[in-house]
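Below: the structure, in structure tokens.
The values are calculated or read from the model by the stated rules, or taken from the named source; none is laboratory data. Since this is a predicted model, take the numbers as computed values, not measurements. In this analysis, Cβ positions are derived from the backbone assuming ideal geometry, glycine residues included, and neighbour counts consider all displayed protein chains. Side chains are part of the model used for accessible areas, which takes the heavy atoms of the whole protein and leaves out ligands, DNA and RNA. Shrake-Rupley method; radii C 1.70, N 1.55, O 1.52, S 1.80 Å.
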Amino acid sequence: MSLQAFEPRDDDRRPPASDLLEIVQRGLRAKLKQLPSWLFYDERGSQLFEQICEQPEYYLTRAEIALLDVHAAEIADVLGPDVRLVEYGSGNAIKTRLLLEHLSSPVSYVPVEIASASLKASVERMAEQFPRLPMQPLYADFTRPLRLPIPPRAPRRTIVYFPGSTIGNFEQREAIQLLRKMRDEMGMAGGILVGADLKKDVATIEAAYNDRAGVTAEFTLNMLTRINRELGCNFNLAAFRHRSHYNPLAGRIETHIISLCEQKVRVGRMQASFAEGEAMLVEYSCKYSPADFAGMAAKAGLEVAQVWFDPEVLFSVQYLVR
Ligand code: AVI
């Protein structure tokens, strides 16, 4: 494998500033203001997300790792030998390693990532840990149809691996579309291994998105810092606050940025007006019961072949097939 495949570029392949301006203006013009959650992940946002994963209240990452600690060997058995592993997002060092360690004669590892620096770092890390495993990094947006690289030998099956509950950041309709796209990419004999956070008592879920150290709040508001920097806007961070609450009917955390006063913000040529207390939606984090997830998978033409839980039954890893 050669690392020449990706030249160092900006960390993020962001949309051009003009598109970004249009996206932000459209979101702020709407009756219920809304900005897309991918805006969180500039360099600082990605660092803050890593810190979130270490907060005592944010159980998701620890639970998924605990699950893999206990079940990775069994999962690998179910996936079988000669698998091509296509991971959506840059490999999370621990989770991907736990899985790869147990796979029998994997054909190749294909991390799919739009941030070139993360992709490069993840491939370097994996190549060090698995020197004999062919790496086929794909610099792409996994929400779009992918052209997978030709594998070095014929895999028995292609597994799309999507750990970390990121599926929960998509609205149900988009999540179904994404699962359908994975289904196309995995082919007839393939499967999808996806992490999904479970429904549980509201206090536990809400605490995970309102950590006491305030890291999640900083992560949320960092979106405004990014917009200020990239679009020359004048959001005053002290005049907004983070709010995450669980909507039990929809089964999801809804994160908003709340305006603390009546104010106007310059966004290109537009002035966005905020009323005191006005909420701007910035993220959903959906939580599923096993039945919810199976129902969603069925809408994408998939069946849950097996599901694993961590010892505290906080988190699940679902194996989906046609
Ligand atoms: C990336 N994603 C799974 C995280 C989540 O739990 O929804 C993002 C996050 N937002 C706030 N905290 C963590």
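The residue list Ile150, Ile176 contains one member that is touching a residue at least 60 places away in the same chain (Cβ under 8 Å) and among the β-branched types (Val, Ile, Thr), which is Ile176. Is it the case that some residue within segment 52-71 is at positive phi and modelled with pLDDT of 95 or more? Looking for residues that are at positive phi and modelled with pLDDT of 95 or more, one finds none in segment 52-71, hence no. Here Val304 fulfils each of the conditions (1) in contact (Cβ under 8 Å) with a residue 40 or more places away in the chain; (2) over 20 Å from the mean Cα position of the chain (by Cα) apart from (1). From the set of residues in segment 246-272 that are under 30 Å from Thr204 (Cβ atoms) and in contact with an Asp or Glu (Cβ under 6 Å, 6 or more places away or on another chain), which is most open to solvent (accessible area, probe 1.4 Å)? That would be Asn247. Candidates are the residues of segment 235-263 that are within 13 Å of the ligand (Cβ to nearest atom) and of a type in the set (A, V, I, L, M); the one that is farthest from Asp211 (Cα to Cα) is Ile257. Condition (residue is within 15 Å of the ligand (Cβ to nearest atom), surrounded by 17 or more Cβ atoms within 10 Å (Cβ to Cβ) and modelled with pLDDT of 95 or more) applied to segment 99-117: is it met by at least one residue? There is no residue in segment 99-117 that is within 15 Å of the ligand (Cβ to nearest atom), surrounded by 17 or more Cβ atoms within 10 Å (Cβ to Cβ) and modelled with pLDDT of 95 or more.
Note on segment 284-313: among residues that are of a type in the set (D, E, K, R) and open to solvent by 20 Å² or more (accessible area, probe 1.4 Å), the one that is farthest from the ligand (Cβ to nearest atom) is Glu303.
Quick grid of which residues meet (1) more than 16 Å from the ligand (Cβ to nearest atom); (2) polar (S, T, N, Q):
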position	(1), (2)
Arg147	yes, no
Ile150	yes, no
Pro155	yes, no
Gly195	no, no
Thr220	no, yes
Leu224	no, no
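Can you name the residue in segment 165-213 that is farther than 28 Å from Pro149 by Cβ and hydroxyl-bearing (Ser, Thr, Tyr) and, of all such residues, is most open to solvent (accessible area, probe 1.4 Å)? Among them, the one singled out is Thr204.
Looking at (1) more than 22 Å from Lys95 (Cα to Cα); (2) within 12 Å of the ligand (Cβ to nearest atom), which is the only condition Asp201 fails? Asp201 satisfies every listed condition except (2). Scan segment 78-89 and give yes if some residue there is open to solvent by less than 70 Å² (accessible area, probe 1.4 Å), farther than 28 Å from Pro311 by Cα and among the β-branched types (Val, Ile, Thr), otherwise no. No, segment 78-89 contains no residue that is open to solvent by less than 70 Å² (accessible area, probe 1.4 Å), farther than 28 Å from Pro311 by Cα and among the β-branched types (Val, Ile, Thr). Among the residues here, Glu50 qualifies as free of Cβ contacts under 8 Å to residues at least 24 places away in the same chain, surrounded by fewer than 17 Cβ atoms within 10 Å (Cβ to Cβ), within 11 Å of the ligand (Cβ to nearest atom) and over 23 Å from Gly191 (Cβ atoms).
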